[in-house]
Amino acid sequence: MKWILIKESRTPSDIETINASFNHDVSDEKYTPSIDFMKTSYWKLNNELFHRFLPSNLKFSIVYDLESDTVGHTISFYDSDFNEYIPSGIVLNGKFKLTLHNWIEAMLHEMVHVCEYIATEWRNSPKS
């Protein structure tokens, strides 16, 4: 049996490295996610792809859930005053070791869920 040792390192959070990932111009090194990476990539993706449509006040967290096969998920809460679900955060699973590009894809996937919450509530809100 062949074992591969993967160095435990946090995802880079500088904008140049994240920009390079859009062009696949990064290494195949495997990382665990970091909060700084989540904040920077969210800001970058929200500016470039969502035209700042997504909220700027989301919470970011990392869990190490060894039982889950889920790389990430979006958190929302139900606001009974407005009868709607409001996105409140994005969580990534630190048990996985993925490339920088894969982590950006995971963030983008979760951001699409945030967008879905907002679009659904906007579509269902009373029109004036």
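Here are a few things to note about the model shown:
- Spin-label pair Asp36-Thr120: with each label point 7 Å from Cα along the Cα-Cβ axis, the two points sit 3.5 nm from one another.
- Gain on full stretching of the segment that runs from Asn47 to Ser61 - 0.36 nm per residue minus C-alpha separation: 3.0 nm
Any read-out appearing in this document is the output of simple, stated calculations on the displayed coordinates, not a laboratory observation. Because the structure is a prediction, the values reported are computed rather than measured. All Cβ positions, glycine included, derive from the backbone under ideal geometry; neighbour counts span all protein chains shown.
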